[in-house]
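Let me begin by presenting the structure, written as structure tokens, before commenting on it.
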There are 2 protein chains.
Amino acid sequence: MPTISVEHQLIPAKRVNGSAVYNQAHEKIGRIEDIAIDKRTGKVAYAILSFGGFLGLGEKFHPLPWSVLTYSERDDGYIVPITEELLALAPKLDVSELSGWDDTESRDDFYTYYGAYGAKPYW
Amino acid sequence: MPTISVEHQLIPAKRVNGSAVYNQAHEKIGRIEDIAIDKRTGKVAYAILSFGGFLGLGEKFHPLPWSVLTYSERDDGYIVPITEELLALAPKLDVSELSGWDDTESRDDFYTYYGAYGAKPYW
């Protein structure tokens, strides 16, 4: 089982970015490109996952609710309780939309999809 | 007065990092080197401010509670309601301590110091 290091409860964003993401079988399925923060509340709204190849024109990001990720010391990365196949079916985001992203129209879609995997609304 | 863009309520961590920090007279006093995230709750605990020269051996970071920062579109950066002189007197952190930082012993110091400037505990 993944465990959370209680000695180090804080982590710098630069260390989160680039971290590997694994499924529950500890197979690497992608990596975290960035995290999206709610300016007003200071809560991490999403970890922005890339997977299935290099990012290019028309490539999509997969925003994952932070509450779906569990840090695993064993893997030195994050575990998600979802398969790559189901991730591929999840709502996506264009790379070009990420900077200054407004999710008020789409957050219900993201959080409904991941609700079955433990996502709790950040707002 | 600084305003928050309601169109863009989410901001990627990579855009926060490197942002300029200003005092209330809109004078640049430093920049954000990184943000420290509480792994368990997904809340931004601190913006890590550098100021007064380049980071080198023995240089100190200034962790600022996120709730003390206000995003300013006019300045394309963050405003803090504190002078450079009072920042210099605030609790500091060694650069070497940042990665995997445990603030359970020190967070009361930081949040008490910045309490007068509107800091609200993240925990």
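The table below lists the values:
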| read-out | value |
| --- | --- |
| Cα-Cα P(r), the protein assembly as shown, percent of pairs per 10 Å interval | 7, 31, 35, 20, 6, 0 |
| Total formal charge among the other residues, if their Cβ is under 12 angstrom from that of residue A:42, Lys/Arg +1 and Asp/Glu -1 | +3 |
| Inter-copy spacing of residue A:24 label points, which lie 7 Å from Cα along Cα→Cβ, given in nm from shortest upward | 5.3 |
| Chain A: relative contact order as a whole-number percent, Cα under 8 Å and 6+ apart | 25 percent |
| Rotational relation B to A, axis-closest Cβ in chain B, residue and distance rounded to whole Å | B:13, 2 |
| Which of B:93, B:86, A:10 has the fewest Cβ neighbours within 10 Å, and the rest in rising order | B:86, B:93, A:10 |
| Ascending count of other beta-carbon atoms within 10 Å, so fewest first, for A:111, A:78 | A:111, A:78 |
| Candidates A:106, A:50, A:72: whichever shows maximal mean-square fluctuation once chain A is modelled as a Gaussian network with Cα springs under 10 Å | A:106 |
| Across A:39/B:39; A:14/A:92; B:92/B:120; A:28/B:14; A:43/B:60; A:120/B:39, pairs whose alpha-carbon gap is larger than 21 Å | A:14/A:92; A:28/B:14; A:43/B:60 |
| Sparsely packed trypsin sites (Lys or Arg not before Pro) within the stretch B:57-123, loop by DSSP, other Cβ within 10 Å at most 13 | B:74 |
| Net charge of neighbours whose Cβ lies under 14 Å from the Cβ of residue A:79, counting Lys and Arg as +1 and Asp and Glu as -1 | -1 |
| Within 10 Å of each Cβ in A:15-26, the average number of Cβ atoms from other chains | 1 |
| Max mean-square fluctuation residue, GNM over chain B, Cα-Cα springs under 10 Å, options B:88, B:13, B:47 | B:13 |
| At 0.890 mPa s and 25 °C, Stokes D of the stretch A:13-108 from Kirkwood alpha-carbon radius, µm² per second | 179 µm²/s |
| Pairwise FRET efficiency - residue A:26 versus residue B:116, Cβ, R0 = 51 Å, nearest 0.05 | 0.60 |
| Exam field: residue B:92 pseudo-label spacings to other copies (7 Å along Cα-Cβ), nanometres | 4.8 |
| Neighbour-count ranking [beta-carbon atoms within 10 angstrom, fewest first] of B:102, A:34 | B:102, A:34 |
| Inter-copy separations for residue A:109, label at 7 Å along Cα-Cβ, nm, ascending | 4.8 |
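Throughout, read-outs are computed from the coordinates displayed, never taken from laboratory work. In this text the structure is predicted, and so the values were computed from the model without any measurement. Cβ: placed from backbone, ideal geometry, glycine included. Neighbour counts: every protein chain shown.
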